[in-house]
Amino acid sequence: MLVGSYTPWLVVVSLLVAIMASFTALDMANRVTTAPSPRISVLWLLGGGCAMGLGIWSMHFIGMLAFKLPIPLGYDLQLTAVSLLAAIASSIFALWLVSRATLPHSRLALGALLMGSGIASMHYLGMAAMLMRPGIEYHPGWFTLSLIIAVAASWVALYVAFRLRHNDTRLQHRVAPAVVLGAAIVGMHYTGMAAARFPADSVCGAAAGTGLQTQWLGALVMVLTIGILAVVLLVSWLDQRQQAQLLRLRNLHLRTSLDDAHAELSQAALHDPLTHLPNRLLLQQRIEQALVDAEQRGGRFAVMFMDLDGFKQVNDAYGHQTGDALLVAVATRTRQLLRAADVMARLGGDEFVLVVGIDNDEDVSSLAGRIIQAVGTGNLVPGHELQVTASIGIAICPDHATTERQLMGYADAAMYQAKEAGRNAFVVFAEWMSDSAEQQFRLLADLRRAIQANQLFLHYQPKVRVSTHQVCGAEALVRWNHPEHGLIPPDRFIRLAERSGVIHEIGRWVLNEACRQLRRWHDAGHDSWSVSVNLSPIQFGSPNLLGEISDALKLHRVEPRRLVLEITESAVMRDTETSLRLLQALARLGVGISIDDFGTGYSSLLYLKRLPATEIKIDHAFVRDLENSSEDVVIVSAIVALGHALDMDIVAEGVETAGQRSYLERLGCDFLQGYLLGRPVDAERFLQLHDLPRPRMVVSQDHKASQGGHFLD
């Protein structure tokens with residue numbers, strides 16, 4: 001037998017090349033997985049597989065070059081090329097396998113078997129390339145062990161590469177596994193070499209003729225392999241740097257976008273969407289800051305509360321779009337009269353508040369006069385001859401008050417004095433006005449405590465279905481029993497609640513209380529009853545409204561269709577697109593939607609047909625003179641026909657006489673409300689009155705005839 005020997009430094013080089021190839025494999029697995037596109041992923045797969053296969057193949061031939069026999073050695077070119085292809089194919093398969101989303105144990109075992117077979121094929125094809133005569137004999141035990149090592153090394157390589165494929169930042173996480181994998185691959189090679197037996201008379205057939213000579217093959221393989229692996233790793237490193245730079249740029253762009261979005265949200269949260277002026281929240285902050293500055297520097301400033309006279313008539317005559325254009329024009333013209341440090345805000349509707357610094361009282365009086373003149377003269381909206389004026393109330397800090405709430409209240413009280421004095425004027429707050437202002441402060445403070453103190457309660461007015469003459473539900477009406485003043489009229493405290501923002505809390509309470517009572521009625525056997533709840537225009541604009549309604553329905557286990565939300569026509573038409581989106585969301589929730597006070601505001605058939613409303617509520621103004629006015633009969637008849645054509649129910653409110661009821665029934669109304677059918681009462685009394693079916697009120701034929709009953713006969 002021929003006895004071989006090894007060149008130690010070449011053995012070390014083969015180990016280093018194996019480690020380098022293993023490191024490349026781990027890095028390529030990461031590149032393939034994190035590539036930004038499928039095309040680039042395929043390029044990394046092919047390029048990485050070739051580099052990895054070349055590295056494994058080079059380790060084998062460097063190990064072969066380290067092996068010495070007492071005869072000349074060489075390698076057949078074709079078999080050598082086939083062994084290289086086996087190494088590359090195994091490497092590409094390995095990278096493809098670890099780039100899959102999952103790697104179950106069955107697939108891992110099969111992949112390790114195939115990859116190990118490829119590596120073993122590469123090794124033994126390389127041995128066969130020597131063309132030994134007689135052929136190489138292999139020790140069965142060592143041969144089997146080399147195959148086991150090849151499969152085990154492949155299993156470890158696939159598992160580690162799969163686990164580390166997303167780790168693209170920490171180098172130390174790949175160095176240790178690369179050393180282990182490189183040592184395993186080298187171990188397989190030298191185990192296979194230990195299995196080889198060379199007879200004493202062996203001759204290397206590839207040492208002569210066209211075979212590759214070992215003299216220059218070693219240098220070529222080492223230089224070429226190390227160069228290719230180095231280039232691949234360099235490209236990978238540069239790609240990683242580029243991806244990191246792109247990630248930083250994307251993060252910077254995202255941060256900029258988030259900053260812009262935050263600025264836009266802040267703008268939207270603190271400014272009026274129509275005029276882009278500060279809203280109530282930002283105004284409060286500016287007044288608080290002005291109070292701090294005035295205290296520190298001893299200055300004075302004025303709060304001017306401005307309300308437009310005749311604005312409602314503009315909306316009614318020309319529509320809300322013209323009204324909005326008027327508000328923008330007033331805001332623009334007024335803002336031009338102010339200094340940069342002054343503040344102008346819009347509270348809502350046609351109410352504006354100005355915060356201006358003053359040196360003497362003549363300054364604020366002069367400014368108020370110029371504002372009134374600017375608003376009352378000139379063409380504000382091109383194409384429309386609009387006649388509006390302004391009423392302004394003025395409160396001065398510290399002369400009149402030193403808190404934001406008092407300044408606003410005093411300016412508001414002075415503005416109402418300007419309106420009572422004939423409008424188109426300004427009034428500076430005086431002490432004699434403080435009684436009503438102080439009373440409003442106290443009333444507002446009491447209103448804030450009314451919910452917790454159980455001073456608010458609901459009355460329910462019955463709603464009668466015309467077809468059955470039975471009560472089918474009720475409208476919930478909020479009441480306030482003040483501990484000192486008794487019952488406070490709703491129009492008084494609702495207006496105060498809307499101006500102060502307390503309406504949101506009151507609205508939530510009404511919604512929950514109405515649903516709670518409806519659940520009790522359903523449990524008592526009246527499961528067909530529904531309840532109608534009025535939504536304030538301020539509450540209708542709340543972003544939390546949809547969630548509050550959904551929570552109330554779930555809390556009290558009320559079917560959504562049994563809750564009807566009454567929304568005034570003017571509130572819907574104030575911002576039609578936003579209103580449409582909210583109403584559509586409410587419709588998807590399943591609640592009923594009633595357009596209240598229909599016909600008294602700006603009716604747009606274009607938007608009405610898009611509203612997901614379930615009923616139209618005819619205002620009592622058309623019902624009041626129904627018996628004596630043929631015009632009202634025509635209007636009500638048209639509304640009924642329009643509503644039914646749009647698949648909506650028609651509700652008439654304010655029914656107080658039998659004649660009105662008779663007309664409304666004959667005109668086709670579906671539901672009726674009014675004192676004739678029942679006054680608002682508390683929940684217990686409501687159940688007592690309507691627990692049993694009530695007999696229908698019969699109207700005599702003589703009465704019908706005397707009331708013009710022939711109109712629709």
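Identify the single condition in (1) among the polar types (S, T, N, Q); (2) at pLDDT 85 or above; (3) assigned to a helix (DSSP H, G or I) that Gln461 does not satisfy, given that it satisfies every other one.
Against the list (1) among the polar types (S, T, N, Q); (2) at pLDDT 85 or above; (3) assigned to a helix (DSSP H, G or I), Gln461 comes up short only on (3).
Scan the range 396-417 and tell me whether some residue there is without any contact (Cβ under 8 Å) to a residue 24 or more places away in the chain, more than 38 Å from the chain's Cα centre (by Cα) and surrounded by fewer than 16 Cβ atoms within 10 Å (Cβ to Cβ).
No, the range 396-417 contains no residue that is without any contact (Cβ under 8 Å) to a residue 24 or more places away in the chain, more than 38 Å from the chain's Cα centre (by Cα) and surrounded by fewer than 16 Cβ atoms within 10 Å (Cβ to Cβ).
Which residue pairs have Cβ atoms under 9 Å apart, sit 6 or more places apart or on different chains, and have a first residue in the range 64-87 that is of a type in the set (Ser, Thr, Tyr) and a second that is assigned to a strand (DSSP E or B) and open to solvent by 40 Å² or more (accessible area, probe 1.4 Å)?
Tyr75/Gln213
Looking only at residues in the range 638-652 that are out of contact with any Phe, Trp or Tyr (no Cβ under 9 Å at 6 or more places or on another chain) and of a type outside the set (A, V, I, L, M), which one is farthest from Leu677 (Cα to Cα)?
Asp647
Give the residue, chosen from Gln296, Gln284, that is in a helix (DSSP H, G or I) and more than 27 Å from Ala425 (Cα to Cα).
Going through Gln296, Gln284 in turn, the sole match is Gln296.
Quick one: in the range 607-621, which of the residues that are within 22 Å of Lys312 (Cβ to Cβ) and at pLDDT below 75 is least open to solvent (accessible area, probe 1.4 Å)?
Here the residue is Leu608.
Pick out the one residue from Leu555, Leu586, Leu546 that is surrounded by 18 or more Cβ atoms within 10 Å (Cβ to Cβ), over 27 Å from His469 (Cα atoms), of a type outside the set (Ser, Thr, Tyr) and out of contact with any Ser or Thr (no Cβ under 8 Å at 6 or more places or on another chain).
The conditions single out Leu586.
In this structure, is Leu73 modelled with pLDDT under 75 and open to solvent by less than 40 Å² (accessible area, probe 1.4 Å)?
Against the criterion (modelled with pLDDT under 75 and open to solvent by less than 40 Å² (accessible area, probe 1.4 Å)), Leu73 does not qualify.
Could you list, in sequence order, the residues of the range 511-530 that are buried (at least 22 other Cβ atoms within 10 Å of the Cβ) and of a type in the set (A, V, I, L, M)?
Within the range 511-530, Leu511, Ala514, Leu518 meet the criteria.
Could you tell me whether Phe93 is modelled with pLDDT of 80 or more, of a type in the set (Phe, Trp, Tyr), surrounded by fewer than 22 Cβ atoms within 10 Å (Cβ to Cβ) and part of a helix (DSSP H, G or I)?
Taking the combined requirement at face value, the residue does not satisfy it.
Hand me the list of helices (runs of 4 or more DSSP H) wholly inside the range 471-580 holding 3 or more residues that are more than 30 Å from Phe441 (Cα to Cα).
503-523, 545-556, 569-574
Go through (1) in a strand (DSSP E or B); (2) open to solvent by less than 30 Å² (accessible area, probe 1.4 Å) and name the single condition Leu447 misses.
(1)
Filter the range 604-647 down to the residues that are of a type in the set (Asp, Glu) and not in a helix (DSSP H, G or I), then identify the one that is farthest from Arg581 (Cα to Cα).
Top of the filtered list is Glu627.
The values are calculated or read from the model by the stated rules, or taken from the named source; none is laboratory data. From a predicted model like this one, the values you see are computed outputs, not experimental measurements. All Cβ positions, even for glycine, are placed from backbone atoms using ideal geometry, and neighbour counts span all protein chains on display. The area values use the complete protein model at the heavy-atom level, side chains included, leaving out ligands, DNA and RNA. Shrake-Rupley method; radii C 1.70, N 1.55, O 1.52, S 1.80 Å.
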